[in-house]
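Here is the structure we will look at.
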Amino acid sequence: MQKILALILMTFIALPAMAQDEPETLDPDDPEIIVDAVDRDLSEFLWIKRPLIVFADSPADPRYTQQMEYITNRLNALDARDVIILTDTDPAAQGRLRQEFRPRGFMLMLLDKDGTIYLRKPIPWNVREIINSIDKLPSRQREMREGAAQSPSNG
């Protein structure tokens, strides 16, 4: 009996890890979640989206490649948290966001819906770490409470 319970427990522990490796796709009718940051103004996302900005000096940067692989494998989890991914891999273009935040090589930045910089990382982060950080934001906590209050099982 204990062996069966241990096997069941191990299965439930392994499922989320296996799910993280499976690529997720969005509905093709949804607006794009990954966009070029070069000519973007953060004010267009104010109170609507949480910008996740990925800077690199080249699209061939291994850190950029790894970060984008993490992101593309879990797009649904990010989209559910109102994240928009902005990428800038061209320092020569001197895009508005690059001038404002002055990244040195690779940099990952997360901003909240109010425009507040929530985190800056010089190394790639997997999506589980990113969504855990987002879920700690007061604005996200409020969204989760409001979403639970509106669910049919609570009404």
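Summary table below
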{"item": "Karplus-derived 3J(HN,Hα), 6.51/-1.76/1.60, for each residue of segment 100-116, Hz, glycine and proline x", "result": "6, 9, 6, x, 10, x, 6, 8, 10, 10, 10, 10, 7, 4, 8, x, 6"}
{"item": "Amide H contacts under 5 Å for residue 118, placed H, 5+ residues apart", "result": "110, 111, 112"}
{"item": "Amide hydrogen neighbours beyond the local backbone of residue 87, cut-off 5 Å, H modeled", "result": "35, 36, 37, 54"}
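Read the figures in this text as sums done on the coordinates, not as results from a lab. Computed from a prediction, not measured in an experiment: that's the story for all the values here.
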